[in-house]
Amino acid sequence: DVQLQASGGGLVQAGGSLRLSCAASGFTLDDYNMGWFRQAPGKEREAVSCISSGDKRTYYADSVKGRFTIASDNAANTMFLHMETLKPEDTAVYYCAGDPICIPGLQIMGVHAEDWGQGTLVTVSS
């Protein structure tokens, strides 16, 4: 039974930081590509970041590059997204996802994934 539980969202002022968590159960997170997506009101879902299962390389969308960091704690079977210098345009529901296409060496992250968390809302005020 594969489950992903996203948490850590909330209200933060522009320029601030948040750390999102994604707890996995029913599978070993380290064995799969993992990623984060987001969807803002009235906009399509956007691929944000991923980490590949093999070499653990990372991909970031241009809109978050240099501000967001993806990481995993294998002992806790948990993935994180550390977000810094947040902007109002980062406001969205953030979803963790299991096994997206993730090829950081070619700067490719797919829009599809096999498993999805429920999402956690991040609101950045100005």
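The values are calculated or read from the model by the stated rules, or taken from the named source; none is laboratory data. Here the structure is a predicted model, which means the values were calculated and not measured. Heads up, the Cβs are rebuilt from the backbone with ideal geometry, glycines too, and the neighbour counts pull from every protein chain shown. Protein only, heavy atoms only, side chains kept; ligands, DNA and RNA dropped before computing areas. Shrake-Rupley method; radii C 1.70, N 1.55, O 1.52, S 1.80 Å.
For the range 82-126, filtering for residues that are of a type outside the set (D, E, K, R), part of a loop (DSSP other than H, G, I, E, B), over 17 Å from Pro41 (Cβ atoms) and in contact (Cβ under 8 Å) with a residue 60 or more places away in the chain leaves 8. A count restricted to the range 58-77 and to residues that are among the hydrophobic types (A, V, I, L, M, F, W, C) and surrounded by fewer than 17 Cβ atoms within 10 Å (Cβ to Cβ) stands at 3. For the range 12-39, the set of residues classified as of a type in the set (Asp, Glu) and closer than 15 Å to Cys96 by Cα consists of Asp30 only.
For the range 40-57, the candidate set comprises residues that are touching a helix residue (DSSP H, G or I) at 6+ places or on another chain (Cβ under 7 Å) and either open to solvent by 40 Å² or more (accessible area, probe 1.4 Å) or without any contact (Cβ under 8 Å) to a residue 24 or more places away in the chain (or both); within that set, the residue that is nearest to Gly98 (Cα to Cα) is Ser53.
Looking across Val124, Val64, Val111, one residue alone is aliphatic (A, V, I, L, M) and touching a helix residue (DSSP H, G or I) at 6+ places or on another chain (Cβ under 7 Å). It is Val124. Would you check if there is a residue in the range 32-48 being part of a strand (DSSP E or B), in contact with a Leu (Cβ under 6 Å, 6 or more places away or on another chain) and over 23 Å from Glu114 (Cα atoms)? The answer is no; no qualifying residue exists. Exactly one residue out of Thr91, Thr85 is under 21 Å from Gln13 (Cβ atoms), open to solvent by 50 Å² or more (accessible area, probe 1.4 Å), at pLDDT 95 or above and over 13 Å from the mean Cα position of the chain (by Cα), and it is Thr85. The selection criterion, being more than 19 Å from Leu121 (Cα to Cα), touching a strand residue (DSSP E or B) at 6+ places or on another chain (Cβ under 8 Å) and in a loop (DSSP other than H, G, I, E, B), holds for Asp1. Exactly one residue among Phe27, Phe37 is open to solvent by 20 Å² or more (accessible area, probe 1.4 Å) and in contact (Cβ under 8 Å) with a residue 60 or more places away in the chain, and that residue is Phe27.
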